[in-house]
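Everything on this sheet refers to the single structure shown next.
The values are calculated or read from the model by the stated rules, or taken from the named source; none is laboratory data. As the structure is a computational prediction, the values presented were derived from the model and not from experiment. Don't worry about glycine lacking a Cβ; one is built from the backbone with ideal geometry, like all the others, and counts go over all protein chains shown. For accessibility, only protein heavy atoms count, side chains too; no ligands or nucleic acids. Shrake-Rupley method; radii C 1.70, N 1.55, O 1.52, S 1.80 Å.
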Amino acid sequence: MKVLKFGGSSVGSVNSILSVKKIVEAVKEPVIVVVSALGGITDKLIKTSEMAASGNPAYEKEYRDIVNRHIEMVYTVIPAGDERSVLLDRVNELLSELKDIFQGIYLIRDLSPKTSATIVSYGERLSSIIVATLIEGAVWYDSRTFIKTEKKHSRHILDSDLTTQLIKATFNELPKVALVPGFISSDKNSGEITNLGRGGSDYTASIIAAALQAEVLEIWTDVDGFMTADPRVISSAYVINELSYVEAMELCNFGAKVVYPPTIYPACHNNIPILIKNTFNPDAPGTIIEQEIKEESKAIKGISSINDTSLITVTGLGMVGVIGVNYRIFKALAKNGISVFMVSQASSENSTSIGVRNQDAELACEVLNEEFAKEIEMGEISPVSAEKNLATIAIVGENMKHTPGIAGKLFGTLGRNGISVIACAQGASETNISFVVEEKFLKKSLNVIHDSFFLSEYQVLNLFICGTGTVGDSLIQQLASQQEKLMKERGLKLNVVGIANGHQALFDRDGLDLSNYRQLLDEKGTASSPQIIRDEVIGMNIFNSVFVDCTANADVASLYKDLLNNNVSVVAANKIAASSSYANYTELKRIARNRGVKYLFETNVGAGLPIIKTINDLIASGDKILKIEAVVSGTLNFIFNKISADVPFSETIRLAKEQGYSEPDPRIDLSGKDVIRKLVILAREAGYVLEQEDVEKNLFVPDEFFEGSLEDFWKNIPSLDADFEARRQKLEAENKHWKFVAKLEDGKGSVSLQEVSRSHPFYGLEGSNNIVLLTTERYNEYPMMIQGYGAGASVTAAGVFADIISVANI
């Protein structure tokens with residue numbers, strides 16, 4: 001024998017109710033079917049009664065909607081004939097009773113709990129007689145005759161012993177299909193109509209299954225089963241195949257609305273499996289809940305949450321060592337019918353925090369202040385107040401008890417994403433770790449936990465890309481071409497949620513299509529500015545966020561501090577921040593370290609070459625950088641490699657600009673400022689305190705060429721060609737090459753145009769390549785050399801890409 005329960009969504013439409021008929025009639029053995037009210041009807045009944053009680057005549061329209069819904073359902077699913085006529089008589093009789101009750105409420109402007117319970121019972125009574133008529137051979141039973149309750153603490157509680165006895169007597173002989181309205185019950189003494197609470201139809205089915213020792217309890221709903229998390233929040237959530245009773249109970253108690261929480265106990269107590277199935281997808285395997293489940297590799301099974309949370313804290317030094325404080329807290333709350341779903345107590349005993357629903361918060365504070373009035377007056381305990389706008393999250397899994405480090409990983413993950421835990425609780429069973437956060441962090445918390453514990457198929461990084469010039473565009477192209485491969489081979493999903501340039505910005509937390517991002521920017525982009533970008537990135541409050549700066553803009557660089565403080569990692573091709581004042585540089589590094597996020601800027605020096613990483617690795621392993629010699633301007637190296645008898649100095653500058661090696665204003669490169677910034681960054685990463693002003697400059701272009709407009713520069717620069725050609729010829733005769741060298745030695749920096757002989761490692765450096773020599777305590781006689789492409793959009797973008805991957809490896 002089986003018990004099948006169908007919820008409101010399963011009997012809410014013509015198609016779904018016909019699916020119920022098909023599912024039930026396909027069962028071979030005897031079956032008891034429990035049904036809820038038609039989807040949305042219970043809410044409608046409550047609303048209509050409240051309108052009537054408030055004297056609002058519009059309640060009549062709501063009532064007519066209820067009538068039309070049921071009559072239309074009868075005419076649609078029941079063929080014309082005697083059965084339909086008999087059913088319509090019964091439906092109209094019930095609806096007439098309901099109308100009289102509503103009119104009475106409207107006239108006396110009063111709605112008692114007893115009347116309210118009677119009104120909501122009509123939902124199940126109506127739906128059950130419709131379904132009983134629809135299913136061939138079904139026999140209708142009135143659950144009020146065998147589901148009995150008793151009143152305790154102003155609430156109606158199930159009388160288990162009496163109910164079990166009556167169920168066995170009622171179903172002593174089972175028809176092929178027994179049809180039972182869920183949710184409703186009656187008081188064992190007065191006989192008045194009561195109910196088992198919202199969601200009580202699940203409970204009805206479980207009570208019956210337990211009493212009759214059913215083979216299985218099937219809960220048919222509108223989802224494929226228990227999910228690893230709420231799919232409306234986490235798109236990658238998936239169905240959990242198996243759960244233990246304990247795991248299912250924990251998930252239900254913390255907001256997973258698949259099953260009404262009290263449903264679990266009767267089935268568990270009698271070892272009856274519970275199968276969650278989808279009425280709209282009956283072929284899906286669903287979720288099975290039973291005592292013994294297969295060995296599971298994952299430590300946690302699912303994540304659940306309650307966004308309707310208030311935290312009430314009873315605190316005071318007068319609580320320390322005093323026996324019975326908690327007894328008084330929970331006694332006072334229980335006396336007033338207030339349910340507590342989480343408790344957290346400091347080991348010092350000077351505070352106890354309890355989680356309650358928002359609707360119970362004010363009453364809870366009131367009764368606790370009354371209970372501890374004497375202690376509050378004496379200053380032993382502080383007045384009790386509620387902290388609202390909170391959410392409670394629980395991670396659940398019986399395997400957690402066998403896996404060390406779960407709590408550390410959980411709180412570390414939350415911390416790195418800027419989420420502060422207000423209170424937490426974990427029982428000795430280790431099947432549930434619950435914690436409270438601000439409600440605004442709920443979605444972010446769920447996503448980052450789901451991602452971190454590999455419940456998600458992929459680890460996700462959410463990228464904001466600022467700058468769509470040559471580097472930014474190249475990066476976006478590289479991301480687009482590598483996204484699928486990274487997901488497949490490394491389980492890493494790079495989700496670009498924002499793209500901005502100096503004019504337009506576009507944000508979408510679900511991700512942007514990179515294949516036509518320029519068109520999207522043009523068509524859907526909004527005005528862009530550093531402040532707008534900052535507000536959008538921080539305001540999105542999305543997990544695992546990375547801000548990627550592909551600009552050379554000082555205003556954009558000024559955003560880093562705010563972003564890091566909001567737990568957004570920063571990957572920068574922009575070297576302004578790292579070469580700014582030493583105080584700002586160290587503060588950005590400190591914030592990133594304290595916040596557990598990354599501030600990476602490998603491409604600030606040498607484009608895609610691993611120069612900064614190498615320096616960091618050397619120092620981390622105990623080495624010390626003694627001297628740095630480098631050619632780190634791809635632009636200047638290109639210019640001095642290109643200059644010849646046929647290509648004068650001014651022409652090499654123009655070629656560097658045309659081929660994308662130089663800045664749009666080449667004076668930035670020729671001034672040595674770019675090289676100075678790079679040297680300052682390398683010196684700082686090597687452990688030295690160096691400002692740009694400290695670097696000695698020996699430039700090769702007179703100062704007057706940097707004054708005036710860019711047009712003036714292009715007009716005047718050919719005047720240097722003759723001098724450079726004469727010097728070049730002399731250099732050629734001596735078999736030497738020009739290289740613009742940055743040097744750090746004894747903590748002092750300098751940049752200068754140097755003549756290097758054939759024996760020097762810099763001599764053969766071609767094109768726009770960069771080279772760095774690191775002399776360290778270990779690499780002293782033979783310095784470490786790093787050489788390769790040091791300029792160009794594609795290699796710089798590749799370096800930025802590598803930094804993004806490094807963020808994923810936190």
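Evaluated against (1) at positive phi; (2) touching a residue at least 24 places away in the same chain (Cβ under 8 Å); (3) surrounded by fewer than 23 Cβ atoms within 10 Å (Cβ to Cβ), Arg198 falls short on exactly one condition, (1).
Looking only at residues of the range 655-677 that are charged (D, E, K, R), in contact (Cβ under 8 Å) with a residue 24 or more places away in the chain and part of a helix (DSSP H, G or I), we find that the one that is surrounded by the most Cβ atoms within 10 Å (Cβ to Cβ) is Asp669. Candidates are the residues of the range 243-260 that are closer than 22 Å to Ile208 by Cβ and hydroxyl-bearing (Ser, Thr, Tyr); the one that is surrounded by the most Cβ atoms within 10 Å (Cβ to Cβ) is Tyr260. Of all the numbered requirements in (1) assigned to a strand (DSSP E or B); (2) modelled with pLDDT under 95; (3) of a type outside the set (Lys, Arg), Gly197 misses one, and that requirement is (1).
For the range 213-223, give me each residue that is buried (at least 20 other Cβ atoms within 10 Å of the Cβ) and either out of contact with any Phe, Trp or Tyr (no Cβ under 7 Å at 6 or more places or on another chain) or within 16 Å of Ala178 (Cα to Cα) (or both). Ala214, Leu217, Glu218, Ile219, Thr221, Val223, listed by residue number. Candidates Ser581, Ser569: the one that is out of contact with any Cys (no Cβ under 8 Å at 6 or more places or on another chain), open to solvent by 10 Å² or more (accessible area, probe 1.4 Å) and either at pLDDT 95 or above or of a type in the set (Gly, Ala, Ser) (or both) is Ser581. Of the residues Thr603, Thr551, Thr586, the single one that is within 22 Å of Gly790 (Cα to Cα) and open to solvent by 20 Å² or more (accessible area, probe 1.4 Å) is Thr551. Looking across the range 482-510, the residues that are open to solvent by less than 60 Å² (accessible area, probe 1.4 Å), within 18 Å of Cys466 (Cβ to Cβ) and touching a residue at least 24 places away in the same chain (Cβ under 8 Å) come down to Leu494, Asn495, Val496, Val497, Gly498, Ile499, Ala500, Asn501, Gln504, Ala505, Phe507. So which residues in the range 589-600 are open to solvent by 50 Å² or more (accessible area, probe 1.4 Å) and touching a helix residue (DSSP H, G or I) at 6+ places or on another chain (Cβ under 8 Å), if there are any at all? Hits for the range 589-600 are Arg595, Lys598. The criterion of being farther than 27 Å from Arg654 by Cα, among the small types (Gly, Ala, Ser), open to solvent by less than 20 Å² (accessible area, probe 1.4 Å) and touching a helix residue (DSSP H, G or I) at 6+ places or on another chain (Cβ under 6 Å) holds for Ala686. Within the range 41-54, not a single residue is among the small types (Gly, Ala, Ser) and free of Cβ contacts under 8 Å to residues at least 40 places away in the same chain. Tallying residues that are open to solvent by less than 10 Å² (accessible area, probe 1.4 Å) and either under 16 Å from Thr118 (Cα atoms) or touching a Gly at 6+ places or on another chain (Cβ under 9 Å) (or both) within the range 31-48 yields 7.
Each residue in the range 615-634 was checked for being surrounded by fewer than 16 Cβ atoms within 10 Å (Cβ to Cβ) and touching a residue at least 24 places away in the same chain (Cβ under 8 Å), and 4 pass. Here is the figure for the range 702-736: residues that are among the basic types (Lys, Arg) and within 60 Å of the chain's Cα centre (by Cα) total 2. What residue, among those in the range 326-337 that are touching a strand residue (DSSP E or B) at 6+ places or on another chain (Cβ under 7 Å) and modelled with pLDDT under 90, is farthest from Ile157 (Cα to Cα)? It comes out as Asn326.
Pairing each residue of the range 228-242 that is open to solvent by 20 Å² or more (accessible area, probe 1.4 Å) with any residue that is among the acidic types (Asp, Glu) and assigned to a loop (DSSP other than H, G, I, E, B), provided the two are 6+ apart or on different chains, yields C-beta distances under 6 Å for Ser236/Glu457; Val239/Asp224. If you filter the range 726-783 down to residues that are of a type in the set (Phe, Trp, Tyr) and under 20 Å from Ile643 (Cα atoms), you find that the one that is surrounded by the fewest Cβ atoms within 10 Å (Cβ to Cβ) is Tyr763.
Looking at the range 531-638, the strands (runs of 3 or more DSSP E) lying wholly inside it that each contain 3 or more residues that are within 25 Å of Asp508 (Cβ to Cβ) and within 31 Å of the chain's Cα centre (by Cα) sit at 545-549, 569-572.
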